[in-house]
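*Asks:* I have a structure here, written as C-alpha cells, and I will follow up with some questions on it.
Taken together, the values in this text are just the output of simple stated rules run on the coordinates, not laboratory data. In this text, all values refer to a predicted model and were calculated from it rather than measured experimentally. Please note: Cβ atoms are built from the backbone with ideal geometry, for glycine as well, and neighbour counts cover all protein chains shown.
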Amino acid sequence: MACSRTAILELYRNLIKESKKWCSYNYREYALRKIRYEFQQNKSLQDPAKIDDCYKRGLESLDVLRRQVTIGNLYKTDKLVIEVNQK
C-alpha cells in the first residue's frame with residue numbers, strides 16, 4: 001500500500017504541531033530540527049516500500065512524541081533567557 005502525498009503531509013503537520021506543544025525550549029527546538037531534517041532527507045524517495053516504511057516509522061514517532069510531550073509538560077520549569085521575549 002503506497003502512502004498518499006496528503007497522508008505524508010498530514011503526518012508532517014501533526015509532528016510539527018505536536019512538537020510545538022513542548023514547554024522545554026531545548027526539546028522543542030531539537031524535535032522541530034529533527035523532523036524537518038528527516039523529511040528533507042527523504043524528500044526524494046521513489047520506492048513505495050521505503051516510503052511506506054518511513055511513513056510507519058513517522059507514525060510511531062508521532063505516538064512517542066505525544067507521550068513525551070505529556071510527560072515533559074508535567075515537569076515544567078522556568079523559561080530560559082532566550083524564551084523571555086518570544087511568544
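*Asks:* Would you pick out the residues in segment 1-51 that are within 9 Å of the chain's Cα centre (by Cα) and acidic (Asp, Glu)?
*Replies:* 18, the sole residue that qualifies.
*Asks:* Pairs, please: C-beta under 6 Å, at least 6 apart or cross-chain, first residue touching a residue at least 24 places away in the same chain (Cβ under 8 Å) and in segment 8-32, second loosely packed, with under 14 Cβ neighbours inside 10 Å and not in a helix (DSSP H, G or I)?
*Replies:* Close Cβ pairs (under 6 Å, with a partner that is loosely packed, with under 14 Cβ neighbours inside 10 Å and not in a helix (DSSP H, G or I)) amount to 23/76; 25/80.
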